[in-house]
Each structure stands twice: as structure tokens, then as C-alpha cells.
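The values are calculated or read from the model by the stated rules, or taken from the named source; none is laboratory data. Predicted model, so just to flag it, every value in this text is computed and none were measured. So basically every Cβ, Gly included, is an ideal-geometry build from the backbone, and we count neighbours across all protein chains shown. With ligands, DNA and RNA removed, areas are computed over all heavy atoms of the protein, side chains included. Shrake-Rupley method; radii C 1.70, N 1.55, O 1.52, S 1.80 Å.
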Amino acid sequence: GLIDVAFTREIPSGRRIRTQVIQREPFVVVLPDSHQLASEPSVSVAGLAAEPFVLFRRAIAPALHHQIIGICATGGFAPRIVQEADEWHTIFAFVRSGCGITLPPASLCRLNWPGLSFRSLTDVAAHATISLCWIPDRLSPAVSTFVDFIRSRTHENRDS
């Protein structure tokens, strides 16, 4: 009851919340610059089977975690998770140190970390989503205007 509107990757449950997907983005692989695959323009998921992975704990974002595990399954393997963390910045620090690799949504490439290479995945259909969420019966005029503004500028036309 404290938040009027939110942008989120994980859709909250248990309340009468309306949602609209406002962005879909592909997943990428993040490697230390010294990794042999860092010189490739793109990487096959199956080519990552032997790699150690650094991921966030499942409890942090269960749906996104499930998607990443599913991406690995499409490559024919379950990831060998050697380190977990609670934030992408920490995960990227582990990757940069050579602890393993990770598969974040592509928008995280914008963080522009020195020592990391972000490469597209050649054989992944999965996309991470960002959704706008609001409670329709609690809309103030300002929140209603904001929701309408964001919804008018998105290419997604589906509500939940």
C-alpha cells in the first residue's frame, strides 16, 4: 500500500495489480575480457556448458532466475553455479575477477564495466521483460496521468 506505480521485472502477486509489459530485451553473456570467447562477436549457449556461472540467488528474482536456468537448458546443460550474489553489480565484479560468467538482460550492458565483455547469444529466444505496475482503484490524478503517459509510449499492447 506504499507504492502507487512501479517498474519491475518480477510481477508481484496476491493483489489486484494491473501490469503492462513496456520493454522486452534479449539476454547476453558477460565474460571477463581475458576469456577466450570475449573476442567472438556472439556466443552459442551450448558453448557455455563447461563454464562456471555467477548468478543472483533464486529468492531475489525467481522468474528471472528460472529464465536463465531455462536458457542454459536450451543449450543442453544445467549451469554450474559457483557463486551467488544479490545485485548485478556484485555479480559483474565476480565475473571481472574471473570467477565465472553470467547471463543478464541486455540493458545491463549499458553499465559499461571495464574488464568485461558483453556478447550476444546466437540461439536464445527468451526475452527479459520490464513491466509497469499499478493498482487501478488507488490512482491519484498524477499517477493516472503518469500511467497513461507511459502506456501511450510503449509498443506492447497487452495488459494483465
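Among the residues making up region 83-129, those that are aliphatic (A, V, I, L, M) and either open to solvent by 50 Å² or more (accessible area, probe 1.4 Å) or closer than 11 Å to Pro26 by Cβ (or both) are Leu103, Ala106, Leu111, Leu121, Val124, Ala125, Ala126, Ala128. Within region 38-66, the residues that satisfy the criterion of being in contact (Cβ under 8 Å) with a residue 40 or more places away in the chain and of a type in the set (Val, Ile, Thr) are Val43, Val45, Val54. Every test in (1) in a loop (DSSP other than H, G, I, E, B); (2) free of Cβ contacts under 8 Å to residues at least 60 places away in the same chain is passed by Ile69 save one, and that test is (1). Got at least one residue in region 96-116 being within 14 Å of Ala38 (Cα to Cα), polar (S, T, N, Q) and within 13 Å of the chain's Cα centre (by Cα)? Scanning region 96-116 turns up at least one residue that is within 14 Å of Ala38 (Cα to Cα), polar (S, T, N, Q) and within 13 Å of the chain's Cα centre (by Cα). The residues in region 38-74 that are open to solvent by 30 Å² or more (accessible area, probe 1.4 Å), aliphatic (A, V, I, L, M) and at pLDDT 95 or above can be counted, and the count is 5. Considering Ile17, Ile11, the condition of being open to solvent by 60 Å² or more (accessible area, probe 1.4 Å), touching a Cys at 6+ places or on another chain (Cβ under 8 Å) and more than 24 Å from Asp123 (Cα to Cα) is satisfied by Ile11 alone.
Consider Arg24 carefully, then state whether it is under 23 Å from Thr154 (Cα atoms) and surrounded by fewer than 17 Cβ atoms within 10 Å (Cβ to Cβ). So Arg24 fits the description; yes.
The strands (runs of 3 or more DSSP E) located wholly in region 79-160 that include 3 or more residues which are without any contact (Cβ under 8 Å) to a residue 60 or more places away in the chain occupy 80-85. Just to be sure, is Arg80 surrounded by fewer than 17 Cβ atoms within 10 Å (Cβ to Cβ), modelled with pLDDT under 95 and over 14 Å from Ala128 (Cβ atoms)? In short, no. In a residue-by-residue description of region 15-37, the property of being part of a loop (DSSP other than H, G, I, E, B), in contact with a helix residue (DSSP H, G or I) (Cβ under 9 Å, 6 or more places away or on another chain) and without any contact (Cβ under 8 Å) to a residue 60 or more places away in the chain applies to no position.
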